[in-house]
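Inspection log for the structure reproduced underneath, given as structure tokens.
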Amino acid sequence: MQSDKTNLESLGLRVADHVPALLAYWDKNMVCQFANDAYRYWFGITREEMIGKITVEELLGGPIYEKNLPYILKVLEGEPQTFEREFLISDGSIKHAVISYFPDFSNGQVKGFFVHGADVTYLKLLEKELTQSNKIIGEQNNRLLNFANIVSHNLKSYAGNLKAILELFIRADSEEEKKVTLNYLQSISKGFSATVDNLNEIAQVQGQSELKFSYINVHQSIVQAIEVLKVQIDSTQSIIQNNVDQNLIVLANPAYMDSIFLNLLSNAIKYRRPDQTLVAEIKGEVKNKELRLTVKDNGLGINLEQHKDDIFGLYKTFHGNQDAKGVGLFITKWQIEAMSGRIEVMSQENKGTSFTVYFPIRSK
């Protein structure tokens with residue numbers, strides 16, 4: 001019988017030493033009484049140095065011991081514990097393990113605790129890869145959504161203008177009026193072609209991690225936006241003042257810049273006051289290594305106390321316009337931030353709104 005028991009104990013030790021899991025036993029004084037090969041390898045210590053000699057604190061070291069101590073105290077009170085921990089093991093690699101402590105009862109008293117550690121390093125690596133993949137997919141989806149919004153929003157402006165110009169042409173009573181409308185059409189056609197080229201560039205780089213930047217004349221970019229919106233500007237008798245220096249250059253994405261100016265100016269026109277002429281002024285300056293562009297109008301304004309957190313929210317509208325979708329400012333903010341910029345707003349009801357856009361001065 002004694003021989004059979006000895007053989008079983010020997011077999012048990014051999015089994016414990018041949019499993020990849022970390023197995024150990026610590027008495028109630030936190031002194032090690034057993035540790036299998038995997039456990040000893042992780043900590044780089046021999047059986048002779050460990051069994052009956054080393055304490056948990058000596059083995060783990062101060063920082064990890066302090067993290068594990070609450071679990072140790074709980075298991076010594078009779079409560080099983082499970083937690084995750086990262087270790088720098090003896091071969092210099094980082095390992096992740098799910099550690100379980102199980103109390104060892106004798107006559108209703110806890111005389112020690114068993115330790116089981118499952119190596120989950122491979123799962124953690126997979127989790128990290130999955131998180132990174134999800135991040136990349138999320139960024140790509142955002143770019144695709146933004147691209148779709150740009151196409152919808154920008155081309156809608158051209159479509160509206162083309163329709164209005166054709167109606168003006170049909171109603172024209174003289175050759176001079178027809179000539180004026182054809183000039184409008186030429187301007188819009190030129191802007192439309194440039195926009196399509198820019199959108200085509202974005203479509204080609206959707207799978208890339210970075211936007212394509214090029215040097216843009218800010219004044220000319222605003223001129224193009226004004227030409228696109230000329231029918232709305234003329235029909236509402238709005239005044240757009242482009243006071244940006246004609247030599248001001250910024251390194252940015254052309255399609256995004258087109259969209260930003262179109263959105264800010266079309267918003268100013270859409271939310272003008274009915275009792276006075278809209279005046280929208282655009283200024284630009286370089287200060288503290290930033291390009292600062294301001295679009296200021298004397299329109300309806302926004303109650304910032306009530307809507308400050310919603311101004312750039314998707315599908316958020318504030319004036320009850322039937323054609324308001326709450327998409328333009330959301331897109332604008334997204335595009336500005338995609339180019340490492342930021343946008344701020346100041347506004348008062350019935351006094352107007354001022355949007356200030358900041359771009360870092362960068363080089364290719």
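Here are some notes:
- Label separation (residue 212 vs residue 286): 2.5 nm, computed from points 7 Å beyond Cα along the C-beta direction.
- The trypsin sites (Lys or Arg not before Pro) of region 272-313 meeting both criteria, a DSSP state outside H, G, I, E and B (loop) and at most 13 other C-beta atoms within 10 angstrom of the site's C-beta, are 289, 308.
- Cα coordinate range in region 19-115, projected on the principal axes (Å, largest first): 41, 27, 27
- Gain upon complete extension [residue 57, residue 89; 0.36 nm per residue less C-alpha separation]: 9.9 nm
- Links that overshoot a 25 Å alpha carbon limit, given the list 230/308; 179/296; 74/124; 283/351; 178/283; 53/74: 230/308; 179/296; 74/124; 178/283
- Between residue 33 and residue 46, residue separation times 0.36 nm minus the direct Cα-Cα distance comes to 3.4 nm.
- Calculated FRET value between residue 305 and residue 275, using beta carbons and R₀ = 22 Å, to 0.05: 0.40
- Pairwise label distance in nanometres, residue 174 with residue 128, each label 7 Å out on the Cα-Cβ vector: 7.6 nm
- Here is the list for region 39-94: GluC sites (Glu not before Pro) lying in DSSP coil, each with at most 14 other C-beta atoms within 10 angstrom of its C-beta, are 77.
- Computed over neighbours whose Cβ is under 13 Å from that of residue 168, the net charge equals 0, Lys and Arg +1, Asp and Glu -1.
- Length gained on full extension, residue 166 to residue 345: 60.8 nm, using 0.36 nm per residue less the C-alpha separation.
Each reported figure results from applying straightforward, stated rules to the coordinates on display, with no laboratory input. Quantities reported herein were computed from a predicted structural model and do not represent experimental measurements. Cβ coordinates were reconstructed from backbone atoms using ideal geometry, including for glycine residues, and neighbour counts include every protein chain displayed.
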